[in-house]
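The values are calculated or read from the model by the stated rules, or taken from the named source; none is laboratory data. Predicted, not measured: the structure shown is a model, and the values here were computed from it. In this analysis, Cβ positions are derived from the backbone assuming ideal geometry, glycine residues included, and neighbour counts consider all displayed protein chains. Remember, those area values only see protein heavy atoms, side chains included, never the ligands or the DNA or RNA. Shrake-Rupley method; radii C 1.70, N 1.55, O 1.52, S 1.80 Å.
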Amino acid sequence: LLINYKFVFNGYHIIRQYSMTKLIICNWKMNLGSQNSIEFLNQIEMAASNKDNKFIVCPPYTSLELVGNNIKEKQSDWALGAQNCSDQEDGARTGDISASMLETLGCQYVILGHSERRQYHLEDSKTVKMKALKALQHQLIPIVCVGETEEAYNQGKTQEVLKKQLEESVPSKQCVVAYEPVWAIGTGKVPQVEEIEETHHFIQSVLQEFGFSNVSIVYGGSVKANNITEILGQPSVSGVLIGGASIKPESMNPIVSKLSI
Ligand code: 13P
């Protein structure tokens with residue numbers, strides 16, 4: 001189901017067609033290893049994705065195969081995603097995992113350039129773009145993360161930061177872009193929904209400038225059962241990227257049941 005959605009941004013009339021199906025992406029980060037991942041999934045009501053929502057679960061590498069098999073056994077249509085991949089095809093890259101390996105495991109998505117990787121692994125946007133291109137060669141949809149720090153936010157530099165990150169890290173319109181303000185990750189702080197709308201419009205207009213139209217933009221940062229409906233209700237929000245709330249049955253089950261109604 002495609003909806004025409006019109007808005008004015010910086011004096012430009014922008015018409016965007018978007019799919020009503022919202023992406024619910026669960027980023028487990030470095031949690032739920034092989035044994036724990038299955039115990040966790042057994043406590044989750046794996047509601048079928050429906051016309052409104054599509055669930056994508058992104059476990060750590062070591063749980064990917066088990067989680068993929070568990071999803072299949074339950075005949076669920078949740079999709080599998082990874083949290084990173086190499087920018088190289090194969091070869092001498094100790095500790096790295098290639099896009100081709102992820103494809104073989106049944107992954108359909110890969111999160112790239114998450115702020116934790118930018119921060120702790122010094123990943124820059126150019127590397128993120130190379131990874132995204134490699135992912136696309138292997139039929140993986142890159143979920144490219146962008147977001148400003150608290151300092152940039154307070155200095156009113158959000159748009160400047162985002163524009164540079166988008167320009168340098170998004171290679172094609174076949175990507176999903178995740179807007180994750182760094183200051184909202186794991187903090188319980190969430191921008192006002194009007195602010196999320198405005199920023200998503202900005203991201204959309206920047207992508208459009210590069211010739212990338214109709215890119216899905218998801219929001220991430222302290223999404224929980226008590227705010228997910230309002231956030232997903234914003235027309236410019238194509239989905240959510242959930243961290244902390246996606247790794248415990250007591251916080252994930254209420255999300256699943258809210259979205260299955
Ligand atoms: P939280 O939901 O824990 O804030 O994490 C968001 C995130 O980083 C998802 O990628």
> Of the beta bridges DSSP finds with both residues in the chain, what % are antiparallel, to the nearest 5?
Replying inline: 20
>> At 7 Å along Cα-to-Cβ for each site, give me the label-to-label distance between Lys74 and Glu168 in nm.
In response: 3.9
> Mind checking the dipole of the chain: about its Cα centre, +1 per Lys or Arg Cβ, -1 per Asp or Glu Cβ, Debye to the nearest 20?
Replying inline: 360
> Hey, which aspartates and glutamates would be in cross-link range of Lys54, C-alpha to C-alpha under 13 Å, not counting anything within fewer than 8 residues on its own chain?
Replying inline: Asp77
> If you look for lysine pairs in region 111-217 that are eight or more places apart or on different chains, how many of them have Cα atoms under 13 Å apart?
Replying inline: 4
>> Tell me the Rg and the Dmax, in Å, that the Cα atoms of the chain produce.
In response: 17.4, 53
> Counting each DSSP H run of 4 or more residues in the chain as -39500 (n - 2.57), what helix-only mean residue ellipticity at 222 nm follows after dividing by all residues, to the nearest 500 deg cm²/dmol?
Replying inline: -10500 deg cm²/dmol
> Counting only protein heavy atoms, what percent of the accessible surface of the chain is carbon or sulfur at a 1.4 Å probe?
Replying inline: 50
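May I ask you to give the solvent-accessible area per residue for region 98-230, in square angstrom, as obtained with a 1.4 angstrom probe?
On a per-residue basis, 44 Å².
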> If eta is 1.002 mPa s and T is 20 °C, what Stokes-Einstein diffusion coefficient results for region 112-248, Kirkwood Rh from Cα pairs, in µm²/s?
Replying inline: 143
> Once amide H atoms are placed 1.01 Å from N in the peptide plane, what residues at a sequence separation of 5 or more from Val223, or on another chain, have their amide H within under 5 Å of its amide H?
Replying inline: Gly243
> When the Karplus curve 6.51 cos²θ - 1.76 cosθ + 1.60 is applied with θ = phi - 60°, which whole-Hz ³J(HN,Hα) does each residue of region 153-166 get, with x for Gly and Pro?
Replying inline: 4, 5, 8, x, 9, 3, 5, 4, 5, 5, 4, 5, 4, 5
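Let me know the shape class of region 131-181, please: from the alpha-carbon gyration tensor, a ≥ b ≥ c as square roots of the eigenvalues, rounded when a/c is under 1.5, otherwise prolate if a/b is greater than b/c, or oblate.
prolate
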> Which value, in debye to the nearest 20, describes the size of the charge dipole of region 78-127 about its Cα centre when Lys and Arg Cβ atoms bear +1, Asp and Glu Cβ atoms bear -1, and nothing else is charged?
Replying inline: 140
> Can you list residues whose amide H is under 5 Å from Val110's amide H, if they're 5+ apart or on another chain and H is modeled 1.01 Å from N?
Replying inline: Ala82, Ile141, Ile143
>> For Asp96, what accessible surface area do you get with a 1.4 Å probe? Give it in Å², rounded to 10.
In response: 80
> Tell me, what are the semi-axes, in whole angstrom and largest first, of the equivalent ellipsoid of region 194-261 as set by the roots of 5 times the Cα gyration tensor eigenvalues?
Replying inline: 27, 11, 10
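Sort Met101, Met30 by accessible area with a 1.4 Å probe, largest first.
Numbers: Met101 100, Met30 180 Å².
Largest to smallest exposure gives the sequence Met30, Met101.
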> If you wrap a convex hull around the C-alpha atoms of region 86-182 and split its volume per residue, what is the figure in Å³?
Replying inline: 88
